[in-house]
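Data first, discussion second: the structure below is written as structure tokens.
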Amino acid sequence: MLRLLPKMDEILNHPEIIALCEELGKPVVTGAVRQAIEDKRKCILDGGTTPPDVLGIICAAKEISWRKLKRNLRKVINATGTVLHTNLGRSRLSDKAVQAVTEVAGNYSNLEYNLEKGFRGERYDCLTGVITELTGAEAALVVNNNAAAVLLVLSALAKGKRVIVSRGEQVEIGGMFRVPDIMDQSGSILVEVGTTNKTHAIDYEANIDENSVLLKVHTSNFKLIGFTEDVDIKTLKEIGERHNVPLIYDLGSGSLINFESYGILGEPDVISSVKDGADIICFSGDKLLGGPQAGIIIGKKAYIDIIKKHPLTRAFRVDKMTLVALEATILEYYDEKAAVNNIPSLKSILSGGEVVKKRAESLYNKIKSLNNDVCCDIVSSKGTIGGGSMPGLLIDSYCVGIKDKSKSVNTLEKLLRFAEVPVIARISDELLLIDMLTIDDEDLDYIASTIISIL
Ligand SMILES: *Cc1c(COP(=O)(O)O)cnc(C)c1O
């Protein structure tokens, strides 16, 4: 059987493969043919009993070629009901941000060029004006993500200093990024104060000296409830000022709108944190802000100037695509109504149950009109924010729940995941749930036809 294996040339000269080479390029196809023959050889050596045939090898080579050229990172449909799903890329960009990325990515840009003066400019200039105007901060800087921002800020401002932080704020963000480890890495000395559930102003006072830095970390990914107390930024600012030490606030999510005015409590916003007096604030670009992955550092100009000069700033610098996406996202916030409407994450969080219910009805009707026998129903559910933001907050949502007589829910879940555009759904109570909170109306036809075809 091994002797029956076709030779490379025999396959490469086959008209179908010649046509494929023209379509996909010779290097990919040649590699695929080699692999297809090799796969067959292994199969025979492992005891396979079907003899090799030319058409079979060609068929395999075609499949391998197409698979190789298919992008691995691609669109999926988030039907999980978790808005900032870290595994699914957290925030989706607004249309304007997407357009901005497309324009700048495919062209030259004034990334580090001052158009007025006609010579070298600063990479962050495009952004600092709008960030400082909207937040009220004196100065701003952008790095790769908020984890980098925290490390940079501590490295630049707290190296060799005692960083005073509440025991209740010793957060692990994920991926082993833990506040104590970051301190270590930055060369600062962790001084834990207070207890797990309660920290008072006096705990900070008792430990502070002129060689200290005050750090507050927003406990954005867990909730402490019951007999608890922490010290707010205003009070910490007073303590810091009295001892002439800076106050750093790792805000985590960093919302530019005040969620309280929408009835969502407990998430501090960037603007109030600036007003309350934090000297340096850092937050993520792709959590509640709804932009690209980035870490935004704002605050007193004197401190930002020191941070800018630290070598890590260069190591953590962001790409033009990130910068322009972030700029376009932040520009949306000049008009809060527009921001809430145009930024997909905000829209999902704030659009309200009725809108989601209508979307569920629409999908339900589409499925039923394609095949009235499909066993599905509209069920109410609760979505979450995710991405380590607003733990415990549940958002009213609706799902289309699906069942099938012959296929298990696990099989249905898998088949949806394997679809041309994967649909990531969840399973609950023997139902496959398509959560409508995080789905675009434009995707409903595709989801309906995909469901019909897998059933
Ligand atoms: C999410 C988070 C970070 C890390 O932000 P990334 O942008 O994910 O790197 C840091 N600190 C806090 C408090 C966070 O919630």
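At-a-glance table
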quantity: Per-region count, the range 154-178, residues among the aliphatic types (A, V, I, L, M) and part of a helix (DSSP H, G or I); calculated: 3
quantity: Residue within the range 46-63 that is acidic (D, E), over 26 Å from the mean Cα position of the chain (by Cα) and in a helix (DSSP H, G or I) present; calculated: yes
quantity: Of all residues in the range 356-381 being at pLDDT 95 or above and among the charged types (D, E, K, R), the one that is surrounded by the most Cβ atoms within 10 Å (Cβ to Cβ); calculated: R359
quantity: Meets criteria (touching a helix residue (DSSP H, G or I) at 6+ places or on another chain (Cβ under 7 Å) and surrounded by fewer than 20 Cβ atoms within 10 Å (Cβ to Cβ)) for K347; calculated: yes
quantity: Subset of the range 170-188 that is under 24 Å from I239 (Cβ atoms) and among the small types (G, A, S) - its residue that is nearest to the ligand (Cβ to nearest atom); calculated: S186
quantity: Subset of the range 185-194 (residues that are crowded, with 17+ Cβ neighbours inside 10 Å and at positive phi); calculated: G194
quantity: L437 being touching a residue at least 24 places away in the same chain (Cβ under 8 Å) and either more than 21 Å from R90 (Cβ to Cβ) or among the polar types (S, T, N, Q) (or both); calculated: no
quantity: Matching entry among N244, N197, N207 (being out of contact with any helix residue (DSSP H, G or I) (no Cβ under 7 Å at 6 or more places or on another chain) and surrounded by 14 or more Cβ atoms within 10 Å (Cβ to Cβ)); calculated: N207
quantity: Residues (over 18 Å from Y249 (Cβ atoms), modelled with pLDDT of 85 or more and aliphatic (A, V, I, L, M)) located in the range 171-190; calculated: I189
quantity: Residue among L433, L412 that alone is in a helix (DSSP H, G or I) and among the hydrophobic types (A, V, I, L, M, F, W, C); calculated: L412
quantity: Members of the range 352-390 found to be away from the ligand (no atom under 16 Å from the Cβ), among the polar types (S, T, N, Q) and in a strand (DSSP E or B), listed by number; calculated: S380, S381
quantity: Residues of the range 72-85 satisfying the condition of being touching a strand residue (DSSP E or B) at 6+ places or on another chain (Cβ under 7 Å) and either in a loop (DSSP other than H, G, I, E, B) or within 16 Å of the ligand (Cβ to nearest atom) (or both); calculated: V76, A79, T80, G81, T82, V83, L84, H85
quantity: Which numbered condition I182 misses (of (1) surrounded by fewer than 20 Cβ atoms within 10 Å (Cβ to Cβ); (2) outside any strand (DSSP E or B)); calculated: (1)
quantity: E413, sole failed condition from (1) farther than 30 Å from K223 by Cβ; (2) touching a Lys or Arg at 6+ places or on another chain (Cβ under 9 Å); calculated: (1)
quantity: Flag for L214 being away from the ligand (no atom under 11 Å from the Cβ) and closer than 23 Å to L288 by Cα; calculated: no
quantity: Hits in the range 154-169 - residues which are more than 11 Å from the ligand (Cβ to nearest atom) and closer than 22 Å to K237 by Cβ; calculated: L154, A156, L157, A158, K161, R162, V163, I164, V165, S166, R167, G168
quantity: Any pair with Cβ under 7 angstrom, 6 or more apart, that starts in the range 87-105 at a residue that is touching a residue at least 24 places away in the same chain (Cβ under 8 Å) and surrounded by 14 or more Cβ atoms within 10 Å (Cβ to Cβ) and ends at one that is hydrophobic (A, V, I, L, M, F, W, C) and in a loop (DSSP other than H, G, I, E, B); calculated: L88/V76; R90/L84; S91/L84; S94/I343
quantity: Test for R162: is it of a type in the set (K, R) and under 20 Å from L312 (Cβ atoms); calculated: no
quantity: Qualifying residue in the range 47-56 (condition: among the polar types (S, T, N, Q) and crowded, with 17+ Cβ neighbours inside 10 Å); calculated: no
quantity: Selected residue (criterion: surrounded by the fewest Cβ atoms within 10 Å (Cβ to Cβ)) from residues of the range 109-148 that are assigned to a loop (DSSP other than H, G, I, E, B) and within 16 Å of the ligand (Cβ to nearest atom); calculated: N144
quantity: Residues of the range 288-329 satisfying the condition of being touching a strand residue (DSSP E or B) at 6+ places or on another chain (Cβ under 9 Å), among the aliphatic types (A, V, I, L, M) and surrounded by 19 or more Cβ atoms within 10 Å (Cβ to Cβ); calculated: L288, L289, A294, I296, I297, I298, I304, I307, V318, L323, L326
quantity: Residue in the range 219-226 that is farther than 22 Å from S389 by Cα and within 16 Å of the ligand (Cβ to nearest atom) present; calculated: no
quantity: Residue identified as in a helix (DSSP H, G or I), under 24 Å from V270 (Cα atoms) and not basic (K, R) among L214, L151; calculated: L151
quantity: Scope the range 391-409; condition without any contact (Cβ under 8 Å) to a residue 60 or more places away in the chain, of a type outside the set (D, E) and assigned to a loop (DSSP other than H, G, I, E, B); matching residues; calculated: L394, K405, S406, K407, S408
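The values are calculated or read from the model by the stated rules, or taken from the named source; none is laboratory data. Since this is a predicted model, take the numbers as computed values, not measurements. Counting neighbours? That spans all protein chains shown, and the Cβs are built from the backbone with ideal geometry, glycine included.
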